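S.K.: Handing you this structure, nothing more for now.
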Amino acid sequence: MFSLISSLLSLLFLILIPCLFITSYKWFPAFLPKLLGLIKFKAARDGHENEKRDEGTCVVREEELQRELMPRHVAFILDGNRRWAKRDGLLTSQGHEAGAKRFIEIAELCFELGIHTVSAFAFSTGNWGRDKDEVKWLMSLFQHQLKSNSQYFHRKEIRVSVIGNQTKIDESILQEIHEIEEATKGYKNKHLIVAIDYSGRFDIMHACKSLVKKSERGLIREQDVDEALIERELLTNCSDFPSPDLMIRTSGEQRISDFFLWQLAYTELFFSPVLWPDFDKDKLLEALASYQRRERRFGCRI
């Protein structure tokens, strides 16, 4: 709509120019630089708008990706469920349900492409501040997803880990978490990590407290503390690949929102404009293609 109005105004403007020239030809030499400046400004703005419209529309075929360059760990911030529901005139709960279904689909695609670990920021510690009914429904949805996908995890041999603070989570949900983690811990080639009541700051703080307690008991000394030791105390110590190679966030937001603050130090970031329930195979392939085109230097020159 904005583009149409802009075009109509431009047309009207061009029609009026000759009239102005005929009636006030003496003013034209002074007016010409301003006119050219306006034309250049509009051309630049239209170019920027076209770039925004084209963002996220790149089509990538699966066979174009190189298996040897696949990330080992892909992390997702599942953003946009509520906006998706509002856009389509649905309930917020329907948006979250669609988002949960999409996550299982995208995780399966990742595993099929040879990606070992898939993690998701499903519920942040900050999300406890949302409407109580929404939070209650989200916890119910999470418990339902664990139960309903249990056979799927076994059939596909997917190890499931749930990380986070968890002190506020109901005991019945914690029991479900414990059961699925124990039942799938033997699977080695596919790992699904779901962050519930997770905060990157809490993760680091929890690691620091654990190290202090070990120091007080004489188990470690100051000189023993290094990056490797700290990583072993983080909640992602359940993974063979605790630091994601690629982090994808949907809905156009461009921040990490207290997710994996330590682990994302050298992670490649990809921000997709689409809402999470609309993030499909084509969008995933686009993100992976973007990742494979990058040079990962880890602070060094190559």
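S.K.: Per-residue HN-Hα couplings for segment 205-218, Karplus 6.51 cos²θ - 1.76 cosθ + 1.60 at θ = phi - 60°, whole Hz, x for Gly and Pro?
M.R.: 4, 4, 5, 5, 5, 5, 5, 4, 5, 5, 5, 5, 8, x
S.K.: Report, largest value first, the span of the C-alpha coordinates of segment 56-185 along each principal axis, in whole Å.
M.R.: 46, 40, 24
S.K.: Please express the Cα-Cα pair-distance distribution P(r) of segment 136-253 as a list of whole percents, one per 10 Å bin, running from 0 to the bin with the greatest distance.
M.R.: Spelled out per bin, shortest first, that is 11, 35, 35, 15, 3.
S.K.: Compute the whole-percent fraction of alpha carbon pairs in segment 169-233 spaced more than 14 Å apart.
M.R.: On the way: 1474 of 2080 pairs.
That tail contains 71 percent of the Cα-Cα pairs.
S.K.: For Lys214, go through the aspartates and glutamates and keep the ones whose alpha-carbon is under 19 Å away, minus same-chain ones fewer than eight residues off.
M.R.: Asp203, Glu222, Asp224, Asp226, Glu227, Glu231, Glu233
S.K.: What is the sum of charges around Cys110, taking Lys and Arg as +1, Asp and Glu as -1, for the other residues whose C-beta is under 11 Å from the C-beta of Cys110?
M.R.: 0
S.K.: Also: Exceeding 21 Å between C-alpha atoms, which entries from my cross-link table qualify? They are Lys101/Lys156; Lys156/Lys281; Lys185/Lys213; Lys156/Lys283; Lys101/Lys136.
M.R.: Check vs 21 Å cut-off fails for Lys185/Lys213; Lys156/Lys283.
The numbers here are math on the coordinates, done by the rules we state, and not lab data. None of the values given here were measured: they were computed from a predicted structure. So basically every Cβ, Gly included, is an ideal-geometry build from the backbone, and we count neighbours across all protein chains shown.
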